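What follows is a set of notes on a single structure, which appears directly below.
The values are calculated or read from the model by the stated rules, or taken from the named source; none is laboratory data. Values in this document were obtained by computation on a predicted structure and should not be read as measured data. Cβ atoms come from the backbone with ideal geometry, glycine included; neighbour counts cover every protein chain shown. What goes into the accessible areas is simple: the full protein's heavy atoms, side chains included, and nothing from ligands, DNA or RNA. Shrake-Rupley method; radii C 1.70, N 1.55, O 1.52, S 1.80 Å.
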Amino acid sequence: MPESSSTSLATDPAGGVAEPTAAPEILLELVDDEGATIGTAEKLWAHQQPGHLHRAFSVFLFDQQGRLLLQRRALSKYHSPGVWSNTCCGHPYPGEPPFVAAARRTAEELGAAPSLLGAAGTVRYDLPDEASGLIEREWNHLFVGLLTDELRPDPQEVDDTRFVTARELKELQQERPFSVWFNTVFEAALPGIREIAGPSW
């Protein structure tokens, strides 16, 4: 989901500009330790210490050469700005199936739709982010797939993109910061990744 909050100016009937109106709050789906929905919560509140377990998704897309698409998160994002991470990640709207959310957000963030997308399991984690002071307490649905469309990243969401081999990923991780959740979701998704991209991963 988009992380940036915004305000808009409404025009009154007399032609003047009314007071700014806040953007609607973003709600996440809270879950229990078995992944069952138990309610909703505002997004930032759910990520503030001590954190609240909520539903999320992570996407790993590969090109036809078996290279993984990474994105560097936009500097304007309040959570983990400017770090490298997997192809796409986010949170379903309350009641939205994770698969639908994963396909939707991939198109919204990268301007491209997966040509193939499949489920690769789930992983639960509690990962504090020292840089932001926030915490990721997530029940994460994993998806892997193929991408053949041309990328048209949204600059409000994505600062840069890069296709990498397994070796290039390791090199990049030694040189640049990655999201706190990347290694956890990557390792959990590896069986599905190898089905799509081959045993070199």
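Within region 52-81, how many residues are modelled with pLDDT of 95 or more, part of a loop (DSSP other than H, G, I, E, B) and closer than 19 Å to residue 127 by Cα?
So the count comes out to 2.
Just the residues that are among the hydroxyl-bearing types (Ser, Thr, Tyr) and either free of Cβ contacts under 8 Å to residues at least 40 places away in the same chain or touching a Lys or Arg at 6+ places or on another chain (Cβ under 9 Å) (or both), please, taken from region 94-120.
115
Give, as residue ranges, the helices (runs of 4 or more DSSP H) completely inside region 90-201 that count at least 1 residues that are more than 30 Å from residue 25 (Cα to Cα) and under 16 Å from the mean Cα position of the chain (by Cα).
So the answer is 182-197.
How many of the residues in region 44-71 are more than 15 Å from residue 198 (Cα to Cα), open to solvent by 20 Å² or more (accessible area, probe 1.4 Å) and among the polar types (S, T, N, Q)?
Count: 2.
So, in region 57-97, how many residues would count as being in contact with a helix residue (DSSP H, G or I) (Cβ under 6 Å, 6 or more places away or on another chain) and among the aromatic types (Phe, Trp, Tyr)?
Total satisfying the criteria: 3.
Pull out all pairs, ordered by first then second residue, where Cβ-Cβ is under 6 Å, the residues are six or more apart or on different chains, the first lies in region 144-158 and is within 27 Å of residue 195 (Cα to Cα), and the second is in a strand (DSSP E or B) and open to solvent by 80 Å² or more (accessible area, probe 1.4 Å).
145/116; 146/116
Of the residues that sit in region 127-184 and are of a type in the set (Ser, Thr, Tyr) and within 18 Å of residue 55 (Cα to Cα), which one is least open to solvent (accessible area, probe 1.4 Å)?
179
If we keep just the residues of region 24-43 that are part of a loop (DSSP other than H, G, I, E, B) and in contact with a strand residue (DSSP E or B) (Cβ under 8 Å, 6 or more places away or on another chain), which is least open to solvent (accessible area, probe 1.4 Å)?
Within region 24-43, the match that is least open to solvent (accessible area, probe 1.4 Å) is 35.
In region 130-155, what residues are within 15 Å of residue 63 (Cα to Cα), touching a Phe, Trp or Tyr at 6+ places or on another chain (Cβ under 9 Å) and among the aliphatic types (A, V, I, L, M)?
Within region 130-155, 144, 146, 147 qualify.
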